[in-house]
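The values are calculated or read from the model by the stated rules, or taken from the named source; none is laboratory data. Given the structure is predicted, the values throughout are model-derived calculations rather than measurements. Cβ placement follows ideal geometry from the backbone for every residue including glycine, while neighbour counts extend to all protein chains displayed.
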Amino acid sequence: MKKNYFKLIFLVCFLMSINSFAQNTLIAEITGDPADITGWELVNDASVDGEEVVLTTNNMSQYGAIYYNEAYSLNQCAKWSVEFDFRMYDSSGEYADGLAFWYIDTPPTNFNEGETIGVPNGSNGLKIAFDTYDNDNNIGGTDNPEIQVGFGPDFSEADPNNYLLRSAVIPSLRNTNYQHAEIIWENGNIQVIIDGNIVIDGIPPTQPGASNFQTGYFGFSAATGAYTDKHSVKNVQVFIDAVILNSNNESITRCDNNGDGFEVFDLTSVQDNIFVDANAGAIYYPTEEDAQEGNTNYISDPTNYTNTIAYINDAAYIRVINASGCYSIAKINLNLGTLNLLNNSIDVVGDCDNNQNGLVNFNLTDFSDSFVSTVSNYDISFYTTLTGAENNDSSSLINNNTDYPVTAGTTVSVYIKVENVTTGCSAIGEMNLQTSQSPQIISLLDLTDCFNTGQSLAFNLTVNDVNILGTQDPSNFNINYYTSQTAAENDSNAIIFDDQFTLNTPGCQTLYARIESSTNSSCYSVDSFQVCANTVNLGIPINLNECSPNTSPMNFDLTQNESVILNGENYNLSYYESLTEAENAQNAITSINNYQALNDIQTIYVRAESTTNGNCYATVSFNIETSYGGLTTEEANLLICSEALTATVNLTSAINQLNLTADENIEGYYLTKIDADNLQNPISDASVFKNTNAKEEFFVRVENSDTSICYAIYRLTITLENCDIFIPDGFSPNADGVNDQFEITGLDNSNSYDLKIYQRNGRKIYEGNSNSEPWNGKFEGYNLPVGTYFYVLEIKTPISKKYEGWVYLNK
């Protein structure tokens, strides 16, 4: 807060003109019940009794004292005072010697009893004795009780030179009741006031050997000697009318952040550290001499003071004045603070963008120790712009400084602002965040070529560059090739002539590609591929067969053998009618998907040559064979017993007559051979064909799973006749070889039927069909008894008819 210092100077001058004493600083006291003597030392017979400090009890030969154990300057401005309550009483006869207040230059020792009233012997200083026993035989013309003041190394009422300032006789000085005493020292003059009455007012004479001193110890003492009295004090207060500074040397540091060597200092910012007395004032000066003199060369605005010499630490001085005109001088050191960074700018290489998200994140705090050695001593912040750092611009303040993203492949500068937490000085450094795109190997193709014995085979490895890069910008990356993974990982011994890598023998070699950032070689990717010098190794083709329905060779798709011949490799194939043409690559067959065979059996030659080297080739051959199918000499006949000339017949029941092998299967049933040859108009359901003639001819086309075998056509003749079925009315299963089974005649293998036999109670004891053995008179292996049994015969195909009746079983 800025103060009106003109008004302050006027106030000080006014107060100095008043001739009065003002107590302003209490430095020691004894108060309370019991008395608080903190900071005081009791000596010999002295003790605390309630609120009193009892210096002596009413016994002979006693002395006691109490003194403040910290030295104080009581002569600043030559003004101080002490107030206390005292009493001296309870004598058994003559009065004892009395009590004293003293201020001496050394810690008090050698206390005495009797005449010296307990004052420390040989101590230089001021002694005020409340003397109640007359030891001087009326030297000085006064009797006791009286008050005596002396200044020097000794105290003796009986001093023949009478170096004492004496009061009149004070009969009431010794009293059972407490009296209030004031001792006031001002510029060598002393006043002693008892209960408001001035009993001494003058300058005490100086004893031989007396000397002035700046600081000393004050206290009280008492002695009894040959008589008795009780001496005590209470409610002691010691005041010094001086300017007591909390500090006489303070420092203000201002940061010369702009580097011009000058800064503005608010001198009043440390004023409360120097003094807190509300009744005191202060004037600021540029030199100590001016402050001591208190002249008019004061600082008019101490809140806005600039050091006087560039780049040099300066000082100002404060003169603190109290109401009595006392003053003290304190120095204020004006320091120009700076913050020197270890580095003004650093380059930071970021991690690789391994997750391929286009960003590289930085923990900016990790690099703070590149600018200052003890990071904890500083407030550190980061900004995106230099002006933002200079002006503490929140819009450019980086909040996520532990995870700051930078676009991969770019370099971005950010600014670190370092501020000393003690001085407030700051400095700005630059961090250049360098990032790189992490490359990926998008794909790698194996390189193969055909090898001819006696030749070297050269590969251009760089053809894989485009596969490696994909859509990545080639200007951002470097690509090299290596013969080992270790070399690729360490980027050592790259293949120099990567467009002419040579293999001298057939086989494959594994190579390694390394793609790395052109700005950061630590960002890279490695993968392997193969270069292969292959001989032409062809698969063995199979012969091709086609089935002709006529007498002409068939057309063939020669490419049916292509995958077999290539055997997983990549060659250019061409087809020829002779080996010579294949060897010379002449007159290649053009219609390879629909080639008309020249003969029933013909050899085709295939030339397979490298896609990159037409002189590297091999040949292989296979046969194409035309087979002819048609009507066989084998026939099948079905006789159908039917009372009518039409019936629904099952053509498939003749399968057994064809004696087909496991490789043969019926393709279909046809009404004409032409249809069978040409696979047209097949009978949709041969199992329920409705026959309209007594005799009818069909054609059965049979295929073979062996494609080298052509199809065959069988003729099938169906004949309808009116056949009689004979069902016997009895049989005798007695194992004589005659009539041992229940056999029904008139049924043949063209018939499909079911036969069931029942006992009279309705229990079924036999069930059979056209594929079953006739009934032998048994049930579940046991012979049935003689008797009549009921049968049901149901014919299903080729005609449908039902017969029921009884049969007699006889033994």
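Which one of the conditions (1) modelled with pLDDT of 90 or more; (2) among the acidic types (Asp, Glu); (3) over 60 Å from the mean Cα position of the chain (by Cα) does Asp241 fail to meet, given that it meets all the rest? For Asp241, the failing item is (1).
Just to be sure I understand, how many residues within region 270-299 are of a type in the set (Ser, Thr, Tyr) and without any contact (Cβ under 8 Å) to a residue 24 or more places away in the chain? Write out each step before concluding.
Filtering region 270-299 for residues of a type in the set (Ser, Thr, Tyr) gives 284-285, 287, 296, 298.
Retained after the next criterion (residues that are without any contact (Cβ under 8 Å) to a residue 24 or more places away in the chain): 296.
So the answer is 1.
Taken over region 197-216, the residue count meeting the criterion of being closer than 28 Å to Ala46 by Cα and out of contact with any Ser or Thr (no Cβ under 7 Å at 6 or more places or on another chain) is 2.
Scanning region 414-427 turns up no residue that is surrounded by fewer than 17 Cβ atoms within 10 Å (Cβ to Cβ) and in a strand (DSSP E or B).
Could you go through region 78-92 and let me know if any residue there is buried (at least 21 other Cβ atoms within 10 Å of the Cβ), assigned to a strand (DSSP E or B) and in contact with a Cys (Cβ under 9 Å, 6 or more places away or on another chain). Yes, there is a match, as at least one residue in region 78-92 is buried (at least 21 other Cβ atoms within 10 Å of the Cβ), assigned to a strand (DSSP E or B) and in contact with a Cys (Cβ under 9 Å, 6 or more places away or on another chain).
Tell me whether region 460-470 contains one or more residues that are assigned to a strand (DSSP E or B) and either in contact with a helix residue (DSSP H, G or I) (Cβ under 7 Å, 6 or more places away or on another chain) or on the phi < 0 side of the Ramachandran plot (or both).
The first filter runs over region 460-470 and keeps only residues assigned to a strand (DSSP E or B), leaving none.
No, there is no match, as no residue in region 460-470 is assigned to a strand (DSSP E or B) and either in contact with a helix residue (DSSP H, G or I) (Cβ under 7 Å, 6 or more places away or on another chain) or on the phi < 0 side of the Ramachandran plot (or both).
Tell me which of these Ile515 doesn't satisfy, since it passes every other one: (1) part of a loop (DSSP other than H, G, I, E, B); (2) under 31 Å from the mean Cα position of the chain (by Cα); (3) among the β-branched types (Val, Ile, Thr). The single condition Ile515 does not satisfy is (1).
Looking only at residues in region 572-624 that are among the charged types (D, E, K, R) and under 30 Å from Phe459 (Cβ atoms), the one that is surrounded by the most Cβ atoms within 10 Å (Cβ to Cβ) is Arg607. Taking each residue of region 768-788 that is outside the structural domain of Asp754 (by TED's automatic domain parsing) and surrounded by 12 or more Cβ atoms within 10 Å (Cβ to Cβ) and looking for partners that are modelled with pLDDT of 90 or more and in a strand (DSSP E or B) with beta-carbon atoms closer than 6 Å, six or more apart or interchain, yields nothing. Checking the stated criteria, Thr176 turns out not to satisfy the condition of being surrounded by fewer than 22 Cβ atoms within 10 Å (Cβ to Cβ), within 22 Å of Val236 (Cα to Cα), in contact with a Pro (Cβ under 7 Å, 6 or more places away or on another chain) and hydroxyl-bearing (Ser, Thr, Tyr).
Could you tell me whether Gln657 is polar (S, T, N, Q), over 60 Å from the mean Cα position of the chain (by Cα) and closer than 30 Å to Lys695 by Cα? Yes, satisfied.
Among the residues of region 320-371 satisfying the criterion of being among the acidic types (Asp, Glu) and out of contact with any Cys (no Cβ under 8 Å at 6 or more places or on another chain), which is modelled with the lowest pLDDT? That would be Asp351.
Please enumerate the residues belonging to region 300-331 that are in a loop (DSSP other than H, G, I, E, B), without any contact (Cβ under 8 Å) to a residue 60 or more places away in the chain and not polar (S, T, N, Q).
Initially, region 300-331 is screened for residues in a loop (DSSP other than H, G, I, E, B), giving 300-304, 307-313, 322-326.
In the following step, the residues that additionally are without any contact (Cβ under 8 Å) to a residue 60 or more places away in the chain were identified as 304, 307-313.
Ile309, Ala310, Tyr311, Ile312, listed by residue number.
Phe497 passes every criterion in (1) among the aromatic types (Phe, Trp, Tyr); (2) surrounded by fewer than 15 Cβ atoms within 10 Å (Cβ to Cβ); (3) part of a strand (DSSP E or B) apart from (3). Could you please find all residues in region 739-767 being free of Cβ contacts under 8 Å to residues at least 12 places away in the same chain and in contact with a strand residue (DSSP E or B) (Cβ under 7 Å, 6 or more places away or on another chain)? Hits for region 739-767 are Asn739, Lys764. Contact map, region 27-43: residues that are more than 22 Å from Leu245 (Cα to Cα) paired with residues that are among the charged types (D, E, K, R) and surrounded by fewer than 19 Cβ atoms within 10 Å (Cβ to Cβ), Cβ distance under 6 Å, separation 6+ or inter-chain. Pairs shown: Asp33/Glu51; Ala35/Glu51.
Of all the residues in region 37-67, those that are within 17 Å of Asp97 (Cα to Cα) and part of a loop (DSSP other than H, G, I, E, B) number 8. Scanning region 284-300 for residues that are touching a Lys or Arg at 6+ places or on another chain (Cβ under 7 Å) and either outside the structural domain of Val270 (by TED's automatic domain parsing) or modelled with pLDDT of 95 or more (or both) turns up just one, Tyr285. Within region 191-202, not a single residue is assigned to a loop (DSSP other than H, G, I, E, B), among the β-branched types (Val, Ile, Thr) and surrounded by 20 or more Cβ atoms within 10 Å (Cβ to Cβ).
Of all residues in region 244-261, those satisfying the criterion of being within 54 Å of the chain's Cα centre (by Cα) and in contact (Cβ under 8 Å) with a residue 60 or more places away in the chain are Ser247, Asn248, Asn249, Glu250, Ser251, Ile252, Thr253, Arg254, Cys255, Asp256, Asn257, Gly261.
The residue that is farthest from Gln434 (Cα to Cα), counting only those in region 510-522 that are surrounded by 15 or more Cβ atoms within 10 Å (Cβ to Cβ) and either outside the structural domain of Thr471 (by TED's automatic domain parsing) or modelled with pLDDT of 90 or more (or both), is Leu511.
Here Gly429 does not qualify as on the phi > 0 side of the Ramachandran plot, small (Gly, Ala, Ser) and modelled with pLDDT of 90 or more.
Taking every residue in region 438-455 that is modelled with pLDDT of 80 or more and pairing it with any residue that is of a type in the set (D, E, K, R), at least 6 positions away or on another chain, the pairs with Cβ-Cβ distances below 7 Å are Ser438/Asp353; Pro439/Glu516; Ile441/Asp527; Leu444/Asp527.
Is it true that some residue in region 101-118 is in a loop (DSSP other than H, G, I, E, B), farther than 15 Å from Gly219 by Cα and hydroxyl-bearing (Ser, Thr, Tyr)? No; the residues of region 101-118 include none that is in a loop (DSSP other than H, G, I, E, B), farther than 15 Å from Gly219 by Cα and hydroxyl-bearing (Ser, Thr, Tyr).
Within this structure, Thr176 fails the test of being in a loop (DSSP other than H, G, I, E, B), among the polar types (S, T, N, Q) and at pLDDT 90 or above. In region 580-610, the qualifying residues are those that are in a loop (DSSP other than H, G, I, E, B) and out of contact with any Ser or Thr (no Cβ under 9 Å at 6 or more places or on another chain), and the one that is farthest from Asn545 (Cα to Cα) is Thr590. Taking region 298-310 as the range and being exposed (fewer than 12 other Cβ atoms within 10 Å of the Cβ) and farther than 22 Å from Asn257 by Cβ as the test, only Ser300 passes.
Residue-by-condition table, conditions (1) in a strand (DSSP E or B); (2) acidic (Asp, Glu); (3) surrounded by 19 or more Cβ atoms within 10 Å (Cβ to Cβ); (4) free of Cβ contacts under 8 Å to residues at least 60 places away in the same chain:
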{"residue": "Asp154", "(1), (2), (3), (4)": "no, yes, no, yes"}
{"residue": "Asn161", "(1), (2), (3), (4)": "no, no, no, yes"}
{"residue": "Ala181", "(1), (2), (3), (4)": "yes, no, yes, no"}
{"residue": "Gln214", "(1), (2), (3), (4)": "no, no, no, no"}
{"residue": "Tyr217", "(1), (2), (3), (4)": "yes, no, yes, no"}
{"residue": "Gly225", "(1), (2), (3), (4)": "no, no, yes, no"}
